[in-house]
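Undergrad: Here it is, the structure in full.
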Amino acid sequence: MMKDVLSAIEKRHQEHQDSILLEAQTRANEHKESILEEYDAHLPEKRKEIERQARFRKKQGLSLLERQNKFALDQVKNDTVARLLDECKEYFTSMSSDDFIRIVQGALDRNDQTFKPRIFVEQKHFKAVQKHFGANYQVLEAHSLTSGFVLAYKTYDISFDVDQLFSYRRDILSKWAMAHLYEDTQNV
């Protein structure tokens, strides 16, 4: 009898533990389902937020690429203009005496004709300029000029020193070249 009582108590105890375990599993499953439902409910919001962030990052990346491309293009344009100006300067410093005389004549024609200026000329073209203009103008060799000439009037001088023109007017010449090469009117 005692065995039957102990067996009954153990059986009741086991049934009680099984019912507690079953209740815990049921509650855990209900809680799990509740969490999954809540997650599913917020999933569209999360997806929208992730898509918004992705669009923003894409736009940000494209904007960065556009700025980098513009910078690279501007650098190429500036380098091209700088090379062009260097080539122009080289042309003027190495031109023939006949071309040099034509430039001097053009400068004389565009300036005050009432007074005859003295013409200071670089050593390289002095003899040719002296021969061409010496009968009508005082032509002097200027050792300080490496390329170009100066028209010296009574009260003022007009310098056509190539080194000075390209040095002092480089920004203006660059903007002019940029506008004509690339139709870039923002820099003119």
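Undergrad: Over the chain, what is the relative contact order in whole percent, taking alpha-carbon pairs under 8 Å and six or more residues apart?
TA: On the way: 121 pairs, mean separation 29.0, N = 188.
Reported relative contact order: 15 percent.
Undergrad: Taking 0.36 nm per residue of sequence separation and subtracting the Cα-Cα distance, how much length would be gained by fully extending the chain between E66 and W176, in nm to one decimal?
TA: Here the segment from E66 to W176 would lengthen by 37.0 nm.
Undergrad: Hey, can you find the accessible area per residue of the chain for me, probe 1.4 Å, expressed in square angstrom? Present the calculation step by step, with values, prior to reporting the outcome.
TA: On the way: 15000 Å² over 188 residues.
Computed with neighbouring chains in place, this is 80 Å² per residue.
Undergrad: How many angstrom separate the Cα center of segment 26-55 from the Cα center of segment 68-140?
TA: Answer, in whole Å: 78.
Undergrad: Test of understanding: what is the full-extension gain from H42 to Y91, defined as 0.36 nm times their sequence separation minus their Cα-Cα distance?
TA: Full extension from H42 to Y91 adds 10.3 nm.
Undergrad: Label points 7 Å out from Cα along the Cβ direction at L140 and S167: separation in nm?
TA: A separation of 2.1 nm, rounded to one decimal place.
Undergrad: For helix 170-182, what angle does its Cα long axis make with the longest principal axis of the chain, in degrees from 0 to 90 and rounded to 10?
TA: Helix 170-182 and the main axis of the chain meet at about 70 degrees.
Undergrad: Further question on the same structure: Ignoring the sites themselves, what is the longest stretch of the chain with no trypsin sites (Lys or Arg not before Pro) in a DSSP loop and at most 16 other beta-carbon atoms within 10 Å?
TA: Longest site-free region, per DSSP loop and neighbour criteria: 1-153.
Undergrad: Shifting gears a bit: What does the charge count near K89 come to, summing +1 for each Lys or Arg and -1 for each Asp or Glu among other residues with Cβ under 13 Å from its Cβ?
TA: -2
Undergrad: What Rg and what Dmax come out for segment 77-126 when only alpha-carbon atoms are used, in angstroms?
TA: 14.4, 44
Undergrad: How much net charge surrounds D98 when only other residues with a Cβ under 15 Å from its Cβ are counted (Lys, Arg +1; Asp, Glu -1)?
TA: +3
Undergrad: Looking at the chain only, what percent of DSSP beta bridges run antiparallel? Nearest 5 please.
TA: 70
Undergrad: Using 0.36 nm per residue of separation minus the Cα-Cα distance, give me the extension gain between E183 and K124 in nm, one decimal.
TA: 17.5 nm
The values are calculated or read from the model by the stated rules, or taken from the named source; none is laboratory data. These numbers were taken from a predicted model, which means no experiment stands behind them. Here the Cβ is made from the backbone with ideal geometry for all residues, glycine too, and neighbour counts use every protein chain on show. Remember, those area values only see protein heavy atoms, side chains included, never the ligands or the DNA or RNA. Shrake-Rupley method; radii C 1.70, N 1.55, O 1.52, S 1.80 Å.
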